1. Cα-Cα over 26 Å: which of Lys92/Lys141; Lys17/Lys141; Lys103/Lys141?
2. Among the GluC sites (Glu not before Pro) in the stretch 67-148, which ones are in a DSSP loop with at most 11 other Cβ atoms within 10 Å of the Cβ? Mind listing them?
3. Report the accessible area of Arg125, computed with a 1.4 Å probe over the heavy atoms of all protein chains in place, in Å² rounded to the nearest 10.
4. With a 1.4 Å probe and all protein chains in place, put Met4, Met117, Met11, Met68 in order of accessible area, largest first.
5. By a straight-distance test (C-alpha under 18 Å), which aspartates and glutamates pair with Lys127 as possible cross-link partners, with residues fewer than eight away in the same chain excluded?
6. With both bridge residues required to lie in the chain, what share of the DSSP beta bridges run antiparallel, to the nearest 5%?
7. Calculate, in nm to one decimal, what Thr26 and Glu87 gain on full extension: separation in residues at 0.36 nm each, minus their alpha carbon distance.
8. If you place +1 on the Cβ of every Lys and Arg and -1 on the Cβ of every Asp and Glu, how big does the dipole about the Cα centre of the chain come out, in debye to the nearest 20?
Amino acid sequence: MSDMRELYQEMILDHHKHPRNFGRLTGANRHAEGFNPLCGDRVTVYALVDGDSIRDLSFEGSGCAICMASASVMTDELAGKSVDDAEQLFVKFHDLVTGESAKEPDLDVLGKLAVFMGVREFPVRVKCATLPWHALRAALKDGEKAPVSTE
Ligand code: ZN
């Protein structure tokens, strides 16, 4: 398990140092901003949505390693998926990082998102990890409304 943990930590740091899909997305038709006042994380998620499918995703912002890595992995994993799939992954990811669900995390379905499993040991970091997801959800729902906050 400790090897696994080191691997996960390395992946998170790598995504933090070299974020994927960073920057404003050309052609995006949805976006929403999220703010986590507990940590100071701020992230804007851009999405190009076509009907029920998320064609592409990107993000901008600044925050701690967990938040930036979460946005990076999320945009990587969800681009090309359907809006419904994204919603289901949000629920699974939330269970993964909070450890609230009694069920074992479905690592096959979570894919790279599983690297955030260690977050459940640091409850104060849960909002850092879920912030980009809250922003994405807001973007998918109504796009151009007020910024979301984890509070
Ligand atoms: Zn944070």
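1. Values: Lys92/Lys141 19 Å; Lys17/Lys141 30 Å; Lys103/Lys141 28 Å.
With Cα atoms farther than 26 Å apart: Lys17/Lys141; Lys103/Lys141.
2. Values: sites: Glu77, Glu87, Glu100, Glu121, Glu144; in loops: Glu100, Glu144.
Sparse-neighbourhood loop GluC sites (Glu not before Pro): Glu100, Glu144.
3. 90
4. Working: Met4 80, Met117 40, Met11 60, Met68 15 Å².
Largest accessible area first, the residues go Met4, Met11, Met117, Met68.
5. Within the straight-line cut-off, Lys127 pairs with Glu33, Asp41, Glu60, Glu87, Asp95, Glu100, Glu151.
6. 85
7. Details: separation 61, 0.36 × 61 = 21.96 nm, distance 2.35 nm.
Stretched out fully, the Thr26 to Glu87 stretch lengthens by 19.6 nm.
8. On the way: 17 positive and 24 negative charges, 81 e Å.
My answer is approximately 400 debye.
The values are calculated or read from the model by the stated rules, or taken from the named source; none is laboratory data. Here the structure is a predicted model, which means the values were calculated and not measured. No Cβ is skipped: glycine too gets one built from the backbone with ideal geometry, and neighbour counts run over all protein chains shown. Areas reflect the complete protein model, heavy atoms only, side chains present, ligands, DNA and RNA absent. Shrake-Rupley method; radii C 1.70, N 1.55, O 1.52, S 1.80 Å.
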